1. Using just the alpha carbons, could you tell me how many Å³ per residue the convex hull of the chain encloses?
2. What does the charge dipole of segment 23-113 about its Cα centre add up to, to the nearest 20 debye, if the Cβ of each Lys and Arg holds +1 and the Cβ of each Asp and Glu holds -1?
3. Pulled fully out, how much extra length does the chain show between residue 115 and residue 58, if you take 0.36 nm times their separation in residues and subtract their Cα-Cα distance?
4. Leaving out ligands and nucleic acids, note down the accessible area per residue over the chain with a 1.4 angstrom probe, in whole Å².
5. Could you work out how much longer the chain between residue 2 and residue 42 gets when fully extended? Use 0.36 nm per residue separation minus the Cα distance between them, nm to one decimal.
6. For segment 3-59, give the percent of accessible area contributed by carbon and sulfur heavy atoms, probe 1.4 Å, rounded to a whole number.
7. What residue among 22, 97, 49 has the largest mean-square fluctuation in a Gaussian network model of the chain, using Cα springs under 10 Å?
8. With a 1.4 Å probe and every protein chain left in place, tell me how much accessible area residue 105 has, in Å² to the nearest 10.
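The values are calculated or read from the model by the stated rules, or taken from the named source; none is laboratory data. Computed from a prediction, not measured in an experiment: that's the story for all the values here. Positions of Cβ are backbone-derived with ideal geometry, glycine not excepted, and every protein chain shown enters the neighbour counts. Quick note on the areas: whole protein, heavy atoms, side chains included, nothing else; ligands and nucleic acids left out. Shrake-Rupley method; radii C 1.70, N 1.55, O 1.52, S 1.80 Å.
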Amino acid sequence: VKLLESGGGLVQAGGSLKLSCAQSGGTFSSYAMGWFRQAPGKEHEFVAAISYSGNHTYYSDSVKGRFTISRDNAKNTVYLEMNSLSPEDTAVYYCTADPTGAAAYTVWGQGTQVTVSS
């Protein structure tokens, strides 16, 4: 199973970005999916997760109400729509896959940089 993120870039504070993550190999609908991020000098931080079918979503308090995770199982792709971005959202964003449904994210993408300027 491989994950490939795209959609990162530079945006001004208050702006929006939409990240995509395409999975190859495996059966996409058999994986719960998540997004994590890592800011310079900080640990990985959970951002959002979505269940196999997409019926259940979970968010960290820091992004709740601003970010939306979604998935298209027909396209083997998970998305993270980010609105009202602030400089504190600057980080490398990683797409992850969980084959267990128990938050065991064993597959990680290479990451995509998101930079929010003030």
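1. 90 Å³
2. With only Lys, Arg, Asp and Glu charged at Cβ, the dipole is about 160 debye.
3. Length difference between fully extended and current span is 18.2 nm.
4. Value returned for the chain: 50 Å² of accessible area per residue.
5. Gain in length upon complete extension: 11.9 nm.
6. Of all accessible area on segment 3-59, carbon and sulfur atoms account for 52 percent.
7. 22
8. For residue 105, solvent-accessible area is about 40 Å².
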